[in-house]
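*Asks:* Here it is, the structure, as structure tokens.
The values are calculated or read from the model by the stated rules, or taken from the named source; none is laboratory data. All values derive from a computational prediction rather than experimental measurement. Counting neighbours? That spans all protein chains shown, and the Cβs are built from the backbone with ideal geometry, glycine included.
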């Protein structure tokens, strides 16, 4: 175990962990679900914006619960983030980030054979 190592052993262990992380970063190849043959039905396309807004609200609620506050620029040490605002006030680039994530999830759901429908 790491605790049982002397300082030289701990340093060697840390160095090898760093090498492993670098190699993983270089060799990691994302393999998302293939959605190239999927077309979302119009009702799911229309749902995308509402789900993107909800994704933002969930993210913001978690950040606030973790002690983050709004700030003019992101500062991890001070837990400040400029996107801790209502979805409507976000820049289009940030809204698009949420839309892409939601669209990807909806496409994956359909690609896996599931259906999403309104009651």
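*Asks:* Taking the options 106, 84, 90, 112, name whichever one is in contact with a strand residue (DSSP E or B) (Cβ under 9 Å, 6 or more places away or on another chain) and modelled with pLDDT of 95 or more.
*Replies:* Working: 106 fails: in contact with a strand residue (DSSP E or B) (Cβ under 9 Å, 6 or more places away or on another chain); 90 fails: in contact with a strand residue (DSSP E or B) (Cβ under 9 Å, 6 or more places away or on another chain); 112 fails: in contact with a strand residue (DSSP E or B) (Cβ under 9 Å, 6 or more places away or on another chain).
Answer to the selection: 84.
*Asks:* Taking residue 78 as the residue in question, decide whether it is over 14 Å from the mean Cα position of the chain (by Cα) and either more than 30 Å from residue 39 (Cα to Cα) or touching a residue at least 40 places away in the same chain (Cβ under 8 Å) (or both). Spell out how you get there, then give the answer.
*Replies:* Details: over 14 Å from the mean Cα position of the chain (by Cα): yes; either more than 30 Å from residue 39 (Cα to Cα) or touching a residue at least 40 places away in the same chain (Cβ under 8 Å) (or both): yes.
Spelling it out, residue 78 is indeed over 14 Å from the mean Cα position of the chain (by Cα) and either more than 30 Å from residue 39 (Cα to Cα) or touching a residue at least 40 places away in the same chain (Cβ under 8 Å) (or both).
*Asks:* Okay, next question. Checking residue 45 against (1) over 18 Å from the mean Cα position of the chain (by Cα); (2) more than 19 Å from residue 107 (Cβ to Cβ), which test does it fail?
*Replies:* Going through the list (1) over 18 Å from the mean Cα position of the chain (by Cα); (2) more than 19 Å from residue 107 (Cβ to Cβ), residue 45 breaks only (2).
*Asks:* Filter the stretch 62-75 down to the residues that are out of contact with any strand residue (DSSP E or B) (no Cβ under 7 Å at 6 or more places or on another chain) and either assigned to a helix (DSSP H, G or I) or closer than 30 Å to residue 32 by Cα (or both) and list them by number.
*Replies:* 62, 64, 65, 66
*Asks:* Right, here's the next one. Among 35, 48, which is without any contact (Cβ under 8 Å) to a residue 60 or more places away in the chain, in contact with a helix residue (DSSP H, G or I) (Cβ under 9 Å, 6 or more places away or on another chain), within 23 Å of residue 113 (Cα to Cα) and surrounded by 12 or more Cβ atoms within 10 Å (Cβ to Cβ)?
*Replies:* Working: 35 fails: without any contact (Cβ under 8 Å) to a residue 60 or more places away in the chain.
Just one listed residue meets the conditions, 48.
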